[in-house]
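The values are calculated or read from the model by the stated rules, or taken from the named source; none is laboratory data. Computed from a predicted model, the values in this text were never measured in an experiment. Quick reminder, even Gly has a Cβ in these numbers, built from the backbone with ideal geometry, and neighbours come from all protein chains shown. The area values use the complete protein model at the heavy-atom level, side chains included, leaving out ligands, DNA and RNA. Shrake-Rupley method; radii C 1.70, N 1.55, O 1.52, S 1.80 Å.
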Amino acid sequence: MSKITRTIPINRVEGDLELRVEMDGDTVTNAWSVGAMYRGFENIMRGRGPLDGLVITPRVCGICSTSHLKAAAKALDNLYCVEVPDNALRIRNTTLGTEKLQNDVRHSILLFMCDFVNPAHASHPLYKEAIDRYEPLKGRAAVETISETSKLVEIISILGGQWPHSSFMIPGGVASNPSSGDIVQCQILLSRYRKWYEEHVLGCDIEQWADVNTESDLNRWLAKDPSHQASDLGFFLRFSELTKFDTIGKGVDNYLSFGSLEMPKETAAAGINSDGMLLPAGFSTPDGVSAFEQNRITEDIAYSWLSGGQDGLHPSVGVTIPYATGNEGDRYSWAKAPRYDGKPVETGPLAELIVAKHPLILDLIQAKGPNVFVRQLARMIRPAVLLPAIETWLREITASNSGFIREYEQKADGEGYGLIEAPRGALGHWVKIKDRKIASYQIITPTAWNASPRDAKGNRGVMEEAIIGTRVKDVKNPIEIGHIVRSFDPCLVCTVHAVNPTGQSPPVTCCSSLF
Ligand code: NFE
């Protein structure tokens with residue numbers, strides 16, 4: 001059969017993403033991930049005062065703005081060599097952790113499980129139940145998720161003034177000094193969210209969930225109690241079994257985590273294999289986990305609509321020069337191709353939990369390798385790790401007198417970097433100042449890792465690799481590709497669009513149509 005190439009704009013991801021796939025009959029034989037919109041925040045930053053990054057970079061995105069603020073503030077902490085006091089770390093962790101809690105459930109219910117109501121699944125025995133739960137803006141779980149996650153992010157508004165796009169993290173700490181009443185309000189919001197997450201999303205107490213450490217434990221847990229089956233996690237497990245999410249979306253089997261949420265010096269919070277972070281930094285390959293070293297990061301632009309730099313530059317010396325003339329040959333994306341040790345790497349909740357050696361996730365990965373099922377499962381259970389730690393930090397704020405800000409010495413010249421784990425994975429900001437002005441600013445987002453184009457050696461990006469070999473039942477409604485792409489929770493920022501029957505792609509904000 002002859003090969004055909006199709007362009008598939010993907011809606012219900014954050015931002016503008018197109019996939020070009022080559023198909024031989026019903027099988028994807030090649031793939032190109034196209035970041036379809038140029039934004040150029042790096043260039044907006046040049047020539048501005050160093051603190052401007054705290055106001056401008058949170059505007060990179062509406063769903064992970066606290067993450068960009070944290071990376072920007074950490075880059076300046078690093079530049080000015082200032083150590084952040086414990087209470088400031090607790091506020092930073094609480095707010096960034098809250099953003100992750102919000103994102104993990106919003107993505108799972110509103111963006112991933114929403115696909116279960118696609119007509120492609122009409123013959124699935126759980127289809128009717130899927131509609132009752134996940135139909136956009138109507139399904140019970142969909143409506144609850146919108147309301148519960150909106151309430152949750154009030155924590156960021158209380159501690160940081162607003163969500164999204166707040167600027168309360170500053171070099172040396174935070175510009176907030178919450179009253180005990182503020183902290184109590186945050187605790188009430190968090191405990192309400194925990195109750196809802198445990199009852200409706202997870203299906204049991206977080207403490208009980210800690211006993212689920214292997215695939216057999218997971219199967220036993222599901223069979224044990226009707227409340228486990230009735231939860232969104234239980235439904236995901238039941239739906240996945242017949243849909244066989246564990247057979248699609250493999251990816252590259254290399255994982256990167258910058259380390260999630262730095263531990264205050266004095267804290268009772270417990271992480272997994274913690275190394276000063278709640279979840280440790282590291283690079284995982286099939287040979288094991290090695291220490292993360294930021295100088296091993298490079299970016300290629302061989303297939304990007306960018307010019308003026310060489311391939312393989314470290315972001316501290318990277319440049320962003322847009323180049324799209326119509327004669328640019330093989331270039332096909334506004335995204336660069338970040339690589340670690342020269343390799344494409346997956347980042348996100350799955351990577352965080354693999355690097356941390358989370359027993360259940362490791363057991364599943366060892367059995368079947370990476371796939372859509374385990375990638376989405378990691379996102380649904382990550383709140384069980386985050387929630388107790390955030391509760392502890394909130395409790396510790398009022399008992400501690402460590403302060404919220406530390407003085408630092410101004411510098412006219414210097415450079416720094418801030419590396420954090422955003423909801424979608426490894427996020428880095430690299431800043432250089434000269435004469436008290438930003439001379440260079442480079443950002444690598446989690447989605448740049450996952451949805452990158454090919455690199456100079458021709459290696460495909462992670463998502464491109466994950467799609468190859470996928471068999472598609474209906475090429476007019478390639479739901480399998482949708483599941484794989486959405487399992488990475490990509491964010492190319494801000495406009496969601498769909499194709500109309502004429503083949504044009506007008507900007508339509510649409511949550512119910514697929515492609
Ligand atoms: Ni726009 Fe983000 C996260 C960052 S992008 S959502 O998480 O940084 O991958």
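What residue, among those in the range 416-451 that are of a type outside the set (V, I, T) and more than 26 Å from the chain's Cα centre (by Cα), is farthest from the ligand (Cβ to nearest atom)?
Across the range 416-451, the extreme among qualifying residues is D435.
Taking helices (runs of 4 or more DSSP H) that fall entirely within the range 1-106, which contain at least 2 residues that are open to solvent by 10 Å² or more (accessible area, probe 1.4 Å) and out of contact with any Asp or Glu (no Cβ under 8 Å at 6 or more places or on another chain)? I'd like the intermediate steps shown before the answer.
Values: elements: 41-45, 53-56, 65-79, 86-106.
Qualifying helices (runs of 4 or more DSSP H): 41-45, 53-56, 65-79.
Which one of L79, L51, L89 is closer than 21 Å to G318 by Cβ, more than 16 Å from the ligand (Cβ to nearest atom) and either modelled with pLDDT of 95 or more or charged (D, E, K, R) (or both)?
On the way: L51 fails: closer than 21 Å to G318 by Cβ; L89 fails: closer than 21 Å to G318 by Cβ.
Among L79, L51, L89, only L79 is closer than 21 Å to G318 by Cβ, more than 16 Å from the ligand (Cβ to nearest atom) and either modelled with pLDDT of 95 or more or charged (D, E, K, R) (or both).
Just one of the listed residues (N273, N254, N327) is of a type in the set (S, T, N, Q), open to solvent by 60 Å² or more (accessible area, probe 1.4 Å) and touching a helix residue (DSSP H, G or I) at 6+ places or on another chain (Cβ under 9 Å), namely N273. Could we say that N177 is over 18 Å from P383 (Cα atoms) and at pLDDT below 95 here? So N177 passes the test. Candidates are the residues of the range 125-137 that are in contact with a Gly (Cβ under 7 Å, 6 or more places away or on another chain) and in contact (Cβ under 8 Å) with a residue 12 or more places away in the chain; the one that is most open to solvent (accessible area, probe 1.4 Å) is I131.
Those residues that are of a type in the set (S, T, N, Q) and over 23 Å from S150 (Cβ atoms), I need them from the range 85-127; list them, please. N87, N118, S123, listed by residue number. Please tell me if G161 is open to solvent by less than 10 Å² (accessible area, probe 1.4 Å) and of a type outside the set (K, R). Judged against the criteria, G161 is not a match.
Among the listed residues P344, P388, identify the single one that is surrounded by 15 or more Cβ atoms within 10 Å (Cβ to Cβ), closer than 26 Å to D205 by Cα and at pLDDT 95 or above. Write out each step before concluding.
On the way: P344 fails: closer than 26 Å to D205 by Cα.
Answer to the check: P388.
Among the residues of the range 138-179, which ones are in a helix (DSSP H, G or I) and without any contact (Cβ under 8 Å) to a residue 24 or more places away in the chain? Within the range 138-179, R140, V143, S147, S150, S157 qualify. If we scan the range 178-192, do we find a residue that is touching a Phe, Trp or Tyr at 6+ places or on another chain (Cβ under 8 Å) and either open to solvent by less than 50 Å² (accessible area, probe 1.4 Å) or within 30 Å of E241 (Cβ to Cβ) (or both)? The answer is no, given that none of the residues of the range 178-192 is touching a Phe, Trp or Tyr at 6+ places or on another chain (Cβ under 8 Å) and either open to solvent by less than 50 Å² (accessible area, probe 1.4 Å) or within 30 Å of E241 (Cβ to Cβ) (or both). Say whether the condition of being touching a residue at least 40 places away in the same chain (Cβ under 8 Å) and away from the ligand (no atom under 16 Å from the Cβ) is met by at least one residue in the range 54-65. Checked the range 54-65: at least one residue is touching a residue at least 40 places away in the same chain (Cβ under 8 Å) and away from the ligand (no atom under 16 Å from the Cβ). Of everything in the range 454-487 that is part of a loop (DSSP other than H, G, I, E, B), at pLDDT 95 or above and surrounded by 24 or more Cβ atoms within 10 Å (Cβ to Cβ), the residue that is farthest from the ligand (Cβ to nearest atom) is D455.
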